[in-house]
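A quick write-up on the structure given underneath.
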Amino acid sequence: MRKIIAINHVSLDGIMQSPGHAQEDPRDGFTLGGWIVPYWTAEMGAALTDSVAGRIDLLLGRRSYEMLAAYWPHADPNPITEAFNRATKYVATRGALPLDWVNTEVLRGDAISAIRALKTGDGPEIQLYGSSSLLHQMASAGLVDEYVIRTYPLILGRGKRLFADGTPPRALQLLDSETSTTGVTACRYRVEGAVRPGDFGQVPSDAERARRARLAAEAR
């Protein structure tokens, strides 16, 4: 079984749109593209290099593929360039698009079914970058094994969110974390399963029972 890891940059309010530069994804009037740049450090770059040091494959939606394919094949040689060029790039799209980036394969038919088949096959771990629409579908289908989330100390207010409304509840286990000198927290989580609500066991007061009754009446 192959592991799928979703890797993303997010703001404190959960926005993942256009982190790297202004024209990465300006749709719906998003004007704050490039918001990670002031916080980036050499240590964060080294951590990214380490994350692709082994054998990996990539899974991308159409727009994320087009963005990465316009940059990495033309970038100066470095370990990330080499890893991304070497990896098989699986692209979930129903449309036609240029496939000039070496080792690119299009997932035909239903993307979720194709990704589920990928997971059951042999091969290295699969890293998913960006690709918000595809990620939301995969989260709903239970196809994401781990999340690597770098959270930046800023609020963007609007834009595409990492976890959209309607994402099924999931309990996560923190595997490791670190904080950069610029205040970016990088956390790696494993998806554990169902959320398990609890109760601290306090006996409700008369005031609390009355509050609950008012709340139930308002919900009718």
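Compare the Cα positions of Ala164, Ser140, Pro124 along the charge dipole of segment 114-175 (+1 at Cβ of Lys, Arg; -1 at Cβ of Asp, Glu; about the Cα centre) and return the one farthest towards the positive end.
The residue sitting farthest along the positive end of the dipole is Ala164.
How would Glu218, Glu66 line up from fewest to most surrounding beta-carbon atoms within 10 angstrom? Provide the component values of the computation, followed by the final result.
Details: Glu218 7, Glu66 16.
Fewest-to-most Cβ neighbours within 10 Å comes out as Glu218, Glu66.
Just to be sure I understand, if you calculate P(r) over Cα pairs in 10 Å bins from 0, in percent for this structure, which of (i) 8, 30, 29, 22, 10, 1; (ii) 7, 28, 34, 17, 7, 5, 1; (iii) 8, 33, 38, 17, 3, 0, 0 do you get?
Given (i) 8, 30, 29, 22, 10, 1; (ii) 7, 28, 34, 17, 7, 5, 1; (iii) 8, 33, 38, 17, 3, 0, 0, the structure-derived one carries the label (ii).
I need to check one value: relative contact order of segment 15-162, counting alpha carbon pairs closer than 8 Å and at least 6 residues apart, in percent.
Values: 176 pairs, mean separation 43.1, N = 148.
Normalised by residue count, the contact order of segment 15-162 is 29 percent.
Over the Cα atoms of segment 157-220, Rg to Rh with Kirkwood Rh, two decimal places? Spell out each step's value before the answer.
Working: Rg = 18.9 Å, Rh = 16.4 Å.
Expressed as Rg/Rh, it is 1.15.
For His74, His21, His9, His136, which order do you get if you count the other beta carbons within 10 Å of each Cβ and list the fewest first?
Numbers: His74 8, His21 14, His9 25, His136 18.
Ranking His74, His21, His9, His136 by Cβ neighbours within 10 Å, fewest first, gives His74, His21, His136, His9.
Can you sort Lys119, Lys89 so the residue with the fewest Cβ neighbours within 10 Å comes first? Don't jump to the answer; show the numbers that get you there.
On the way: Lys119 14, Lys89 21.
Starting with the residue having the fewest Cβ neighbours, the order is Lys119, Lys89.
Looking only at segment 37-117, where both bridge partners belong to it, what percent of the DSSP beta bridges are antiparallel (to the nearest 5)?
About 0 percent, rounded to the nearest 5.
Given points 7 Å out from each Cα along the Cα-Cβ axis, report the Glu43 to Ala96 separation in nanometres with one decimal.
The modelled label-to-label distance comes out at 5.0 nm.
Please work out whether segment 26-126 counts as rounded, prolate or oblate from its C-alpha gyration tensor, where a ≥ b ≥ c are the square roots of the eigenvalues and a/c under 1.5 means rounded, while otherwise a/b larger than b/c means prolate and anything else oblate?
It comes out oblate by the Cα gyration axes.
Report, to the nearest 10°, how far helix 42-51 tilts away from the longest principal axis of the Cα atoms in the chain, using its own Cα long axis and a range of 0 to 90°.
80 degrees
Determine the gain in length on full extension of the stretch Gln23-Asp206; use 0.36 nm per residue of separation and subtract their C-alpha separation, reporting nm with one decimal.
On the way: separation 183, 0.36 × 183 = 65.88 nm, distance 5.71 nm.
Stretched fully, the Gln23-Asp206 segment lengthens by 60.2 nm.
Please find the FRET efficiency linking Ala164 to Ala117, where r is the Cβ-Cβ separation and R0 is fixed at 30 Å, and quote it to the nearest 0.05.
Numbers: r = 25 Å, r/R0 = 0.83.
That gives a FRET efficiency of 0.75.
Separation of segment 29-56 and segment 153-179 by C-alpha centroid, Å?
First find each Cα centre; the distance between them is then 17 Å.
Rounded to the nearest 500, what is the chain's calculated 222 nm mean residue ellipticity when only DSSP H runs of at least 4 contribute -39500 (n - 2.57) each, over all residues? List each step's numbers first, then the result.
Values: 6 runs with 59 residues, N = 220.
Calculated at 222 nm, the ellipticity per residue is -8000 deg cm²/dmol.
Compare Gln17, Gln173, Gln127 in a GNM of the chain, Cα atoms joined below 10 Å, and give the one with the largest fluctuation.
For the chain, modelled as a Gaussian network with Cα springs under 10 Å, the answer is Gln173.
For Leu107, enumerate residues with amide H under 5 Å from its amide H, sequence gap 5+ or separate chain, H modeled in the peptide plane.
Amide H to amide H, under 5 Å and 5 or more residues apart or across chains, Leu107 pairs with Val91, Ala92, Thr93.
For Lys3, give me every one of the lysines with a C-alpha distance below 22 angstrom, ignoring sequence neighbours fewer than eight places off in its own chain.
Partners found: Lys89, Lys119.
Read-outs throughout are calculated quantities, based only on the coordinates presented, and are distinct from any laboratory measurement. Here the structure is a predicted model, which means the values were calculated and not measured. Reconstructed Cβ throughout: ideal geometry from the backbone, glycine too, with neighbour counts over all protein chains shown.
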